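Have a look at the structure below, then the notes.
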Amino acid sequence: QVQLVESGGGLVQAGGSLRLSCAASVAFFIAKDMSWYRQAPGKQRELVATIFSGGKTNYGASVEGRFTIARDNAKKMVYLQMDSLKPEDTGVYYCNTKVRDYNYWGQGTQVTVSA
């Protein structure tokens with residue numbers, strides 16, 4: 001079975017940094033594309049960043065240049081380093097992967113950025 005567990009959220013002032021972690025329990029992790037999504041109150045869930053199985057990365061336009069996604073295949077971990085945080089980065093951040101076209105999600109971790 002697939003299990004994703006996020007951690008590292010919290011309250012931070014604008015301009016600060018946070019590092020999110022996702023512990024993945026999934027077969028063939030090294031072959032899986034892994035993503036971070038976020039959902040702000042009253043808004044749809046949006047893609048933040050993806051790291052593909054080969055290591056290539058892709059970012060949403062609003063976080064490009066500020067956030068960095070990384071993975072440790074040996075530990076089955078995915079990270080999201082968030083720098084220069086803005087109040088509009090506030091939301092619940094979810095780790096995601098897809099297995100046979102089915103999306104799996106973690107429980108989410110709250111990130112709050114104060115002005």
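The values are calculated or read from the model by the stated rules, or taken from the named source; none is laboratory data. Everything quoted here is computed from the prediction, not taken from an experiment. Glycine also receives a Cβ, built like all others from the backbone with ideal geometry; neighbour counts cover every protein chain displayed. Side chains are part of the model used for accessible areas, which takes the heavy atoms of the whole protein and leaves out ligands, DNA and RNA. Shrake-Rupley method; radii C 1.70, N 1.55, O 1.52, S 1.80 Å.
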Could you check how much of the accessible area of the chain is carbon and sulfur, as a whole percent, using a 1.4 Å probe? 49 percent
Between Asn58 and Asp33, what is the label-point separation in nm under the 7 Å Cα-to-beta-carbon projection? 0.5 nm
Could you give the length gained by full extension between Thr68 and Gln107, i.e. 0.36 nm per residue of separation minus their alpha carbon distance, to one decimal place? 11.9 nm
Heavy-atom accessible area per residue of the chain, all protein chains kept, 1.4 Å probe, expressed in Å², is 55 Å²
Taking θ = phi - 60°, what integer Hz values does the Karplus form 6.51 cos²θ - 1.76 cosθ + 1.60 yield along the stretch 4-21, in sequence order, with x for Gly and Pro? 10, 10, 8, 7, x, x, x, 9, 9, 7, 3, x, x, 10, 9, 10, 8, 10
DSSP-loop trypsin sites (Lys or Arg not before Pro) across the stretch 4-72, with at most 12 other Cβ within 10 angstrom: Lys43, Lys56
Label-point separation in nm, Ser7 to Ser25, each point 7 Å along Cα→Cβ: 1.4 nm
Go through Lys43/Lys76; Lys32/Lys76; Lys56/Lys76 and tell me which ones have a Cα-Cα distance over 22 Å in this structure. Lys43/Lys76
Quick one: which of 109-115, 48-54 comes out on top by average Cβ neighbours within 10 Å, and what's the full order, highest first? 48-54, 109-115
DSSP loop GluC sites (Glu not before Pro) in the stretch 1-107 with at most 12 other Cβ atoms within 10 Å of their Cβ, which ones? Glu64
